[in-house]
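Okay, structure first, notes after.
The values are calculated or read from the model by the stated rules, or taken from the named source; none is laboratory data. Keep in mind that what you see is a predicted model, and the values were worked out from it rather than measured. Here the Cβ positions follow ideal geometry from the backbone for every residue, glycine too, while neighbour counts run over all protein chains shown.
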Amino acid sequence: GHGSFTWNIVDLESMANLNTADDRMLNQALLDMGMDAGETAPIVGSIQDWIDPDDNEHPQGAENGYYHSLSPAYDCKNGPIDDLSELLLVKGITPDIYWGTFSTNHPPPAFMPRNRRGQPEGYAFGLHDVFTPMSTGRININTASAEVLQLLPMMDRPSARSESGVQ
């Protein structure tokens, strides 16, 4: 037919491994996306509770008690994430947080809130853009985006942008 498609190969080492990410890295990713600092703790705790093998809740996190109260109910994984889309099952993770507000992978909201300068508010990128469950845990700085480089300790936004070649 007259259709077309795009094929994109991604170096998974260019992203951070979600299964080995600590609270600092998760918190940094959420802040860099544009989330308010007061909103990150419940999401970080819930991600850590989803991955850790026990049923002890992290501060503001969620374990089986929360997931069993949902309809339909399901179990907290309590193990490593196999597919990043599992994050959509984690308490507090919305499609905007997973994909980024301006992603083309999900329908845009009917009403887009705007800031004082008239620019759309939302998340500049999503967790999908910076994390993977399948890597050695070492970030390839030669192929990593500026958003991923910012997750590294002591890496600020201007340095990350210049290292990744973004102007």
Failed item in (1) assigned to a loop (DSSP other than H, G, I, E, B); (2) at pLDDT 70 or above, with Phe111 passing the rest: (2)
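For segment 28-63, which residues satisfy the criterion of being part of a loop (DSSP other than H, G, I, E, B) and more than 19 Å from Arg157 (Cα to Cα)?
Let us first name the residues in segment 28-63 that are part of a loop (DSSP other than H, G, I, E, B), namely 34-36, 52-63.
Result: Asp52, Pro53, Asp54, Asp55, Asn56, Glu57, His58, Pro59, Gln60, Gly61, Ala62, Glu63.
Filter segment 117-136 down to residues that are part of a loop (DSSP other than H, G, I, E, B) and among the charged types (D, E, K, R) and give me whichever is modelled with the lowest pLDDT.
Arg117
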Matching residues in segment 31-49 - criterion: being under 21 Å from Phe125 (Cβ atoms) and over 13 Å from the mean Cα position of the chain (by Cα): Asp36, Ala37, Gly38, Glu39, Ala41, Pro42
The lone exception for Lys91 - which of (1) at pLDDT 95 or above; (2) under 16 Å from Leu12 (Cβ atoms); (3) among the basic types (Lys, Arg) it fails: (2)
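Quick one: how many residues across segment 67-88 are of a type in the set (A, V, I, L, M) and buried (at least 16 other Cβ atoms within 10 Å of the Cβ)?
So the answer is 3.
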